[in-house]
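The values are calculated or read from the model by the stated rules, or taken from the named source; none is laboratory data. Computed from a predicted model, the values in this text were never measured in an experiment. Note that we place each Cβ from the backbone using ideal geometry, even for glycine, and neighbour counts take in every protein chain shown.
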Amino acid sequence: MAHKIIDTNVPLTAAGMNTEASERCEVNCGEVISKIMKGEIVVVLDDDERAISEYRNNMYPDPKGTRAGQFLMYLLLNLRRPSRVRTVSIDVDEQGNHRDYPDSADTWTTEVPRCQRFDPDDKKWVALALRFKKETDQDAPIVNAADRCWLAFESHLEAAGVKLECLCREEREAPSL
């Protein structure tokens, strides 16, 4: 069974809530959400519900609503079912820093003006991927839809042992960053 970490932009894009995404990108994201809801993908979350909090801040759980709402409702209903949702502990220090986040990551930079530094809000996804790998000796790729900055840091992530799946890679690699 495939384990994956789902960036918030995936269900939002599947729901048509990303104006920068193409129709093809929306379809790709919708396919991932469908696979999750069929139980073909196990979503990896943290047991302190930082990921759930981010989802809740961006979508409303609704089984008959948008794909984003359906996704969040699915997670909430399946939080205690490891065959659907796998939770791991991500260690956070007193200052709120993720201990599983790579030490070198705060020095990561790119030449892309909009993405010069790694987004602090995305550190939880990286820490989650590394903790899952540490606990299971398996990869749980971070699935991204439309955030170009993930691609700008892809080589840094891979060097740290984090896999990235970009569902809309062709349109995200366009030179107009």
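In this structure, does D7 turn out to be modelled with pLDDT under 95 and among the acidic types (D, E)? No.
Can we say T87 is among the hydroxyl-bearing types (S, T, Y) and modelled with pLDDT of 95 or more? Judged against the criteria, T87 is a match. Once the stretch 20-42 is narrowed to residues that are within 16 Å of R169 (Cα to Cα) and assigned to a loop (DSSP other than H, G, I, E, B), the residue that is modelled with the lowest pLDDT is E20. In summary, helices (runs of 4 or more DSSP H) completely within the stretch 110-172 and bearing 2 or more residues that are touching a helix residue (DSSP H, G or I) at 6+ places or on another chain (Cβ under 6 Å) and either of a type in the set (A, V, I, L, M) or under 22 Å from N97 (Cα atoms) (or both) occur at 148-152. Every condition in (1) crowded, with 17+ Cβ neighbours inside 10 Å; (2) farther than 26 Å from A15 by Cβ; (3) touching a strand residue (DSSP E or B) at 6+ places or on another chain (Cβ under 7 Å); (4) at pLDDT 95 or above holds for K133 except the one numbered (3). Scanning the stretch 1-19 for residues that are part of a helix (DSSP H, G or I) and closer than 19 Å to L128 by Cβ turns up N9, V10, P11, L12. Scanning the stretch 115-138 for residues that are free of Cβ contacts under 8 Å to residues at least 24 places away in the same chain and charged (D, E, K, R) turns up R117, D137. Here L72 fulfils each of the conditions (1) within 22 Å of E26 (Cβ to Cβ); (2) part of a loop (DSSP other than H, G, I, E, B) apart from (2).
Within the set N78, N97, N144, the sole residue that is under 16 Å from the mean Cα position of the chain (by Cα) and not β-branched (V, I, T) turns out to be N144.
Take the conditions (1) surrounded by 18 or more Cβ atoms within 10 Å (Cβ to Cβ); (2) under 24 Å from L12 (Cβ atoms); (3) free of Cβ contacts under 8 Å to residues at least 40 places away in the same chain; D147 misses just one of them, which is (3). Within the stretch 84-125, the set of residues being among the hydroxyl-bearing types (S, T, Y) and under 19 Å from V143 (Cβ atoms) comprises T87, Y101. Against the test of being buried (at least 17 other Cβ atoms within 10 Å of the Cβ), farther than 21 Å from K133 by Cα and not aromatic (F, W, Y), the options T87, T66, T109 yield a single qualifying residue, T66. Scanning the stretch 43-54 for residues that are part of a helix (DSSP H, G or I) and either out of contact with any strand residue (DSSP E or B) (no Cβ under 9 Å at 6 or more places or on another chain) or under 12 Å from Y74 (Cα atoms) (or both) returns I52, S53, E54.
Please work out if N18 is within 14 Å of C166 (Cα to Cα) and surrounded by 14 or more Cβ atoms within 10 Å (Cβ to Cβ). Judged against the criteria, N18 is not a match.
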